[in-house]
């Protein structure tokens with residue numbers, strides 16, 4: 001026979017409000033970044049953004065949020081082969097904050 005319905009419910013992961021918010025914000029970031037990649041691939045950001053994968057990534061980060069990119073990467077853009085976990089976390093945090101502020105301002109009717 002299977003487990004009773006209430007047993008299945010206990011197997012589901014429980015998310016706090018903060019974890020759910022981060023999941024939604026990450027989904028929004030990914031949508032924005034995918035739209036930026038499409039714009040870059042279609043030449044809307046110029047040839048320099050298509051010279052290498054890292055150039056494409058720098059342009060995509062700048063496209064998603066110029067303010068966050070300028071705060072975190074402007075003085076020292078990503079370089080070929082570089083993996084920068086700290087700055088990756090920093091930009092995700094900045095983008096989450098920006099998305100949250102945008103949603104709050106649109107919810108309250110201010111922009």
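Throughout, read-outs are computed from the coordinates displayed, never taken from laboratory work. Predicted model only: the values in this text are computed from it and were never measured. All Cβ positions, even for glycine, are placed from backbone atoms using ideal geometry, and neighbour counts span all protein chains on display.
Some values worked out for this structure:
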| read-out | value |
| --- | --- |
| Pairs where the first residue, in the stretch 80-108, is under 14 Å from residue 67 (Cα atoms) and the second is not in a helix (DSSP H, G or I), C-beta under 6 Å, 6+ apart | 95/65; 98/65 |
| Subset of the stretch 74-97 [over 10 Å from the mean Cα position of the chain (by Cα) and within 15 Å of residue 63 (Cβ to Cβ)] | 74, 77, 78 |
| The stretch 38-58, residues that are out of contact with any helix residue (DSSP H, G or I) (no Cβ under 7 Å at 6 or more places or on another chain) and assigned to a loop (DSSP other than H, G, I, E, B) | 42, 43, 44, 46, 51, 52 |
